[in-house]
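One structure below.
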Amino acid sequence: MVVDSGSTDNTVQLAQRHTDRVTSHAWPGYGAQKDHATSLASHDWVLSLDADERVTPELAAEITARLGVDEDPPR
């Protein structure tokens, strides 16, 4: 899921190439935006990333190993 707060670059279009769970929400502040995004989640776990963060292959492998899930997450 991606929650965008009015990006002027191609964030929304790029995200839509990977998931249909892309939404826009006006920026209410850092904590409030994180809370809003979490409220939209439909699973038990949330991995919250900002635009300047990424999941490395090593981190992805560690997360999937610890959670005992398949390597290919649902989209």
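Here are a few things to note about the model shown:
- For the chain, the relative contact order is 27 percent, taking Cα pairs closer than 8 Å that sit 6 or more residues apart in sequence and dividing their mean separation by the residue count.
- Relative to the longest principal axis of the Cα atoms of the chain, the long axis of helix 57-67 makes an angle of roughly 70 degrees.
- Ordering 42, 32, 67 by the projection of their Cα atoms onto the charge dipole of the range 2-67, which places +1 on the Cβ of Lys and Arg and -1 on the Cβ of Asp and Glu, puts 42 at the extreme positive end.
- Inter-label distance, nm, simple model (7 Å from Cα along the C-beta direction), residue 54/residue 35: 3.2
- Simple Cβ-charge dipole of the chain, Lys/Arg +1 and Asp/Glu -1, about Cα centre, in debye nearest 20: 200
- Built amide H within the under 5 Å cut-off of residue 4, gap 5+: 23, 24, 25
- Diffusion of the range 2-67 by Stokes-Einstein, at 25 °C in a medium of 0.890 mPa s and with Rh set to the Kirkwood radius over alpha-carbon pairs, works out to 184 µm²/s.
- In Hz, Karplus ³J(HN,Hα) per residue of the range 45-53 (6.51, -1.76, 1.60; θ = phi - 60°; x = Gly, Pro): 10, 10, 10, 9, 10, 8, 4, 9, 10
- The calculated 222 nm mean residue ellipticity attributable to helices in the chain amounts to -10500 deg cm²/dmol, summing -39500 (n - 2.57) over DSSP H runs of n ≥ 4 and dividing by all residues.
Rule-based calculations on the coordinates, nothing more; no lab input. What you see is a predicted model, and the numbers here were worked out from it, not measured in a lab. Glycine gets a Cβ as well: all are built from the backbone with ideal geometry, and neighbour counts include every protein chain shown.
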